[in-house]
Amino acid sequence: MIQPGQVYRSAVSTPDDPDNHRRIKVVGEPNTVPGGWNFGKVDVATLTEDGREIRRRRVEMSQLHATPTTRDGTPRCTGYVLENT
């Protein structure tokens, strides 16, 4: 379940540094009201290396995953993977 305060990292590293994954933090409640504006989205902010929140935006909840692998065990190549709860 997606909750404010959770931190996710990108499933794929940045092209210039294979050990660097972009990180985002959930900063708002998911919009689960059918028919409402931004249904199925959640507010997030990009985290800098020192932990500052920048670039707030909304992303689809389907892009946020609890595990780094798919159901069949292959590594994810899109979206964001949960770092902590």
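FYI, it's all coordinate maths here, none of it is from the lab. Here the structure is a predicted model, which means the values were calculated and not measured. Cβ: placed from backbone, ideal geometry, glycine included. Neighbour counts: every protein chain shown.
Tallying residues that are loosely packed, with under 13 Cβ neighbours inside 10 Å and free of Cβ contacts under 8 Å to residues at least 24 places away in the same chain within the stretch 4-32 yields 8. Within the stretch 58-72, the presence of a residue that is touching a strand residue (DSSP E or B) at 6+ places or on another chain (Cβ under 8 Å), under 14 Å from GLY5 (Cα atoms), surrounded by 12 or more Cβ atoms within 10 Å (Cβ to Cβ) and charged (D, E, K, R) is excluded. Residue check: is GLU53 closer than 17 Å to VAL81 by Cβ and of a type in the set (Asp, Glu)? Criteria not met by GLU53. If the condition is being exposed (fewer than 11 other Cβ atoms within 10 Å of the Cβ) and either free of Cβ contacts under 8 Å to residues at least 12 places away in the same chain or not β-branched (Val, Ile, Thr) (or both), then the stretch 76-85 contributes CYS77, ASN84.
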